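Derivation of every value follows stated rules applied to the coordinates shown; laboratory data play no part. What you are looking at is a predicted structure, and each value in this text was computed from that prediction instead of being measured. Note that each Cβ is placed from the backbone with ideal geometry, even for glycine, and that neighbours are counted across all protein chains shown.
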Amino acid sequence: MTVSQLVNLIARELGRPALLEDGRYRVVAFSPQSEVIDEVRRRSILEHHAGPSVHSWLAGLGVYSSDEVMHVPRNPSLGMMQRLHVPIRTPDGTRAHLWLIEEPEVMAPEDVARARELAGRLAEEWARLLSQRDDETARRAERTRALFLGEPRERLLAADELVASGDVDPSTAFRTHLLTARDRGVPGREELEGAERRIRRLLAGLAPLTLVTADGVLVVAPDDGGRLHPDTGVVAERLRSAAIRADGPLSDPIVAVGGAVVHLADSARSHREARRALAVATAFGLPGPTIAWDELGVYRGLQSAAALGLRSADFSAGFAGLLDERDGDVLLETLEAYFEHGGRLRDVAARLNVHRATAYHRLARIERILGVDLRDGLEHLGLHLAVLLHRIEASASVEEDAGS
């Protein structure tokens, strides 16, 4: 007999409306409507919880901490009739709460004893249900891990099993989101797992697949261009809202978004794209808070080039020598400003907070050291690529991405 069937049986045997809450005061099951109903029962059924004011009052009475059956008086201000509270406790200590309305008259002692007896059966079924949920959660987590990190055959099998289990809709396109600390700092495993739990609760309607990895929290959510499901920007903001904390590594989380995928089995590719987007954001200091691979333009090509092994020296043979100069950092900053402002000397000088003549002499010195003419289109392009690739090389995240 299921939990819902047992709650209905209790209501029929005792002739009282019955309702079961879990340890977090969320409604798990309730008997069919009857003529005896109050505002608290109505709200519990419609909203799946009685509300914080009711929970606070009951906690003040010691209801939730008691292991004994308790008659709870009516509270007209809360719209609550008198109730019998029967605590449910499974062998592993998990709590639940059985409620029976005691109006128009208080329950007889033999009915209270029967309620306690039936609550024992309910505790057994509740424990079995929780165990089943744990098993299902573990299987889902294992399939999700194989989907992202397994070999091609394992990914296909995991996708098929997730579809067969009803966890995902096979006709939906998906997009992978990677949530982590902005500085790629150091959120611990416990903090990431907490963020994952909050994300699952907040995005429950999307039934996302989630996985905690060394990178952060991976989330696979449906993406149909905003027709039936929230668009990427909305999902990313919800992820940040769920993860954000007042202090610590996740005080300012960033979300990297992979390319849209048609088949669930392609989520590993979307995951790689999200990681690459994060590597680009780190290397070039892109502001976020959402970095989408599809919107990175030329940065995608640069990151792909770096991942394939191309280096700054491939586009400017003397580039490493420039950096070895005593003031190499200053010369590199000058080049970056020069390319950033399209060679406009006034803007370059303003960006560096120096006189135009100083900027001019630095650029002339760079040309002498490298043996290039910045007015030559190809040499200009090669040096610009060298500067950009150097930014990626200097970022620790490109090393992680190249090794994936």
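Based on alpha-carbon centroids, what's the gap between the stretch 2-79 and the stretch 161-221 in Å, whole number please? Distance between centres, Cα-based: 33 Å. Using only the Cα atoms of the stretch 292-355, build the gyration tensor, take square roots of its eigenvalues as a ≥ b ≥ c, and label the shape rounded, prolate or oblate: rounded if a/c is under 1.5, else prolate if a/b is larger than b/c, else oblate. Here the stretch 292-355 falls in the oblate category. Classified by the C-alpha gyration tensor, the stretch 173-296 has an oblate form. Its axis ratio a/c, with a ≥ b ≥ c, is 1.5 or above, and a/b does not exceed b/c. Here the label points at D252 and A320, each 7 Å from Cα along the C-beta direction, are separated by 3.5 nm in the simple model. By the helix-only formula, in which each DSSP H run with n ≥ 4 contributes -39500 (n - 2.57) and the sum is divided by residues, the chain has a 222 nm mean residue ellipticity of -16500 deg cm²/dmol.
Please build a GNM for the chain, connecting alpha carbons under 10 Å apart, and tell me which residue among A173, A359, A158 fluctuates the most. For the chain, modelled as a Gaussian network with Cα springs under 10 Å, the answer is A359. Working from label points 7 Å from Cα in the Cα-to-Cβ sense, the D67 to R245 distance is 3.3 nm. Comparing P109, P152, P222 in a Gaussian network model of the chain, where Cα atoms under 10 Å apart are tied by springs, the biggest mean-square fluctuation is seen for P109.
Which of the three applies to the stretch 3-127, rounded, prolate or oblate, going by the alpha-carbon gyration tensor with a ≥ b ≥ c and a/c under 1.5 meaning rounded? Rounded, since a/c falls under 1.5. Between the labelled values (i) 29.3; (ii) 26.8; (iii) 21.1, the entry that holds mean projected area of the Cα convex hull in nm² as derived from this structure is (ii). Normalising by residue count, the stretch 312-388 has a Cα convex hull of 77 Å³ per residue.
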